[in-house]
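Visitor: Take a look at this one; I'll ask things after.
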Amino acid sequence: MVFPTPNNESQRVAALLSYEVLDTAEEVEFDELTFLASHVCGTPIALVSLIEHDRQWFKSKVGLQAPETPRNVSFCTHAILQPDLFVITDALEDERFAANPLVTSGFPYPVLCRRTIGQFRWICLGDALCDRSRASKPQRRTA
């Protein structure tokens, strides 16, 4: 599966690597932020994702055990291309994700909202919903 990359991919990855945060231990501050995102948005899954060359590594996570996923199945790979909030209304009906193994395996990704942080958009805060009815709630889009 081929994935899109931003125009500034080499600078973005160089900036990420310069922070020396990949593959580091859990940190309370990140975990508190992730828990808060999950709580405020009312979602079972919340992540702080770092997008490297070929993988999405989770600095912090709620509701997910995997430490990383390949970049070619990463939702955040698409989110880092957007300057604002990235919303996937239904991953099963979105041509970018309908064949994604995370979607076809039955993992609960019907609705996603993600926001990137920073000049190079290498951090992606994300949440996954199992209930589409919650996606329209205003606090989900402003939290």
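The values are calculated or read from the model by the stated rules, or taken from the named source; none is laboratory data. Being a predicted model, the structure only gives us computed values, none of them experimental. Here the Cβ positions follow ideal geometry from the backbone for every residue, glycine too, while neighbour counts run over all protein chains shown.
Visitor: Which one is modelled with the lowest pLDDT among residues in segment 1-37 that are within 27 Å of Gly63 (Cα to Cα), hydroxyl-bearing (Ser, Thr, Tyr) and over 16 Å from the mean Cα position of the chain (by Cα)?
Guide: Filtering segment 1-37 for residues that are within 27 Å of Gly63 (Cα to Cα), hydroxyl-bearing (Ser, Thr, Tyr) and over 16 Å from the mean Cα position of the chain (by Cα), the one modelled with the lowest pLDDT comes out as Tyr19.
Visitor: Further, regarding this structure: State which residue is farthest from Val2 (Cα to Cα) when the search covers only segment 51-68 and only residues that are in contact with a Leu (Cβ under 6 Å, 6 or more places away or on another chain) and not charged (D, E, K, R).
Guide: Taking the candidates together, the pick is Phe58.
Visitor: Show the residue pairs meeting these rules: Cβ distance below 6 Å; 6+ apart or different chains; first residue within segment 23-51 and in contact (Cβ under 8 Å) with a residue 12 or more places away in the chain and hydroxyl-bearing (Ser, Thr, Tyr); second residue in a helix (DSSP H, G or I) and buried (at least 17 other Cβ atoms within 10 Å of the Cβ).
Guide: Within 6 Å, the pairs are Ser49/Cys76.
Visitor: Filter segment 1-43 down to the residues that are hydroxyl-bearing (Ser, Thr, Tyr), surrounded by 15 or more Cβ atoms within 10 Å (Cβ to Cβ) and in a helix (DSSP H, G or I) and list them by number.
Guide: Thr34, Ser38, listed by residue number.
Visitor: I'd like the full set of residues that are of a type in the set (Ser, Thr, Tyr) and either in a helix (DSSP H, G or I) or at pLDDT below 85 (or both), limited to segment 44-65.
Guide: Listed by number, the list is empty, since nothing qualifies.
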